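The values are calculated or read from the model by the stated rules, or taken from the named source; none is laboratory data. All values reported here derive from a predicted model rather than from experimental measurement. So basically every Cβ, Gly included, is an ideal-geometry build from the backbone, and we count neighbours across all protein chains shown. Quick note on the areas: whole protein, heavy atoms, side chains included, nothing else; ligands and nucleic acids left out. Shrake-Rupley method; radii C 1.70, N 1.55, O 1.52, S 1.80 Å.
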Amino acid sequence: MGTVRCILQKKHSSVISVSPETTVYSALELMEENHIGSLVVMNNGRFAGIITERDYARKVILKGKASKETLVKEIMSEHPVTVTPDTTMEQCMALMTSKYIRHLPVFDNNKLVGIVSIGDIVRYMIEEQKFIIEELEHYITGHQE
């Protein structure tokens with residue numbers, strides 16, 4: 001099975017971030033515009049944490065707060081679980097399952113290089129299984145391309 005590096009190579013997308021002083025409403029608009037479920041929080045060029053749709057649901061909506069007045073720093077996760085490009089898919093799935101999380105910031109030599117979601121991992125696994133099935137079908141039927 002592959003590593004996080006495989007996903008990052010296919011994503012070709014930059015990491016979208018906000019500052020801790022951004023309103024939660026603005027962060028949610030950015031997530032919606034980019035069809036993503038989390039944002040990296042950067043403070044003066046340094047990684048400060050992550051904000052997710054779950055943070056919004058659990059720390060704003062359920063607490064009766066207003067997203068236009070609440071700042072990202074009030075609800076973000078300051079010390080999220082992180083991985084490296086060499087982390088395997090199995091390790092990511094184990095972390096996500098045991099920690100009940102859906103997004104993993106990726107660091108390479110202490111530098112943020114991306115973020116992977118549970119959706120990224122599932123897509124990768126489906127593509128990998130499809131490839132293996134096709135290869136087995138070619139092997140069984142004797143068709144080699």
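Each of Ile140 and Arg102 was given a label point 7 Å from its Cα along the Cα-to-Cβ line. The distance between the two points is 3.5 nm. Treating r as the C-beta distance of Ala66 and Asn34 and R0 as 30 Å, the FRET efficiency rounds to 0.85. In order along the stretch 89-101, phi translates into HN-Hα couplings of 4, 4, 5, 4, 4, 5, 4, 5, 5, 6, 9, 6, 10 Hz, rounded to whole numbers, per the Karplus curve 6.51 cos²θ - 1.76 cosθ + 1.60 with θ = phi - 60° and x for Gly and Pro.
Would you work out the charge dipole size for the chain about its Cα centre, treating the Cβ of every Lys and Arg as +1 and the Cβ of every Asp and Glu as -1, and quote it to the nearest 20 debye?
Working: 16 positive and 19 negative charges, 146 e Å.
So the magnitude is around 700 debye.
Extension gain, Ile132 to Arg58, is 22.6 nm, computed as 0.36 nm per intervening residue step minus the present C-alpha separation.
Work out, in µm²/s and without decimals, the Stokes-Einstein translational diffusion coefficient of the chain at 10 °C, 1.306 mPa s, Rh from Kirkwood over C-alpha pairs. Mind showing how you got there, number by number?
Numbers: Rh = 16.6 Å.
Translational D for this selection: 95 µm²/s.
Look at the dipole of the chain built from charges on Cβ: of Ile7, Leu62, Ser117, the Cα furthest out on the positive end belongs to Leu62.
Summing charges over all other residues whose Cβ lies under 11 Å from the Cβ of Leu28, with Lys and Arg as +1 and Asp and Glu as -1, gives -4.
Please report the carbon-and-sulfur percent of the accessible area for the chain; probe 1.4 Å, protein heavy atoms only, DNA, RNA and ligands left out.
52
Measuring between their Cα centroids, the stretch 1-71 and the stretch 79-145 lie 21 Å from each other. With the simple model of a label 7 Å out from the Cα in the direction of the Cβ, Thr82 to Arg5 spans 1.9 nm. Which of the listed residues, Thr84, Met31, Ile132, is farthest toward the dipole's positive end in the stretch 17-145, when Lys, Arg count +1 and Asp, Glu count -1 at the beta-carbon? It is Met31, whose Cα lies furthest towards the positive end. What would the Debye formula give as log10 I(q)/I(0) at q = 0.13 Å⁻¹ for the alpha-carbon point model of the stretch 28-86, no solvent? Treating every Cα as an identical point scatterer, log10 I(q)/I(0) equals -0.36.
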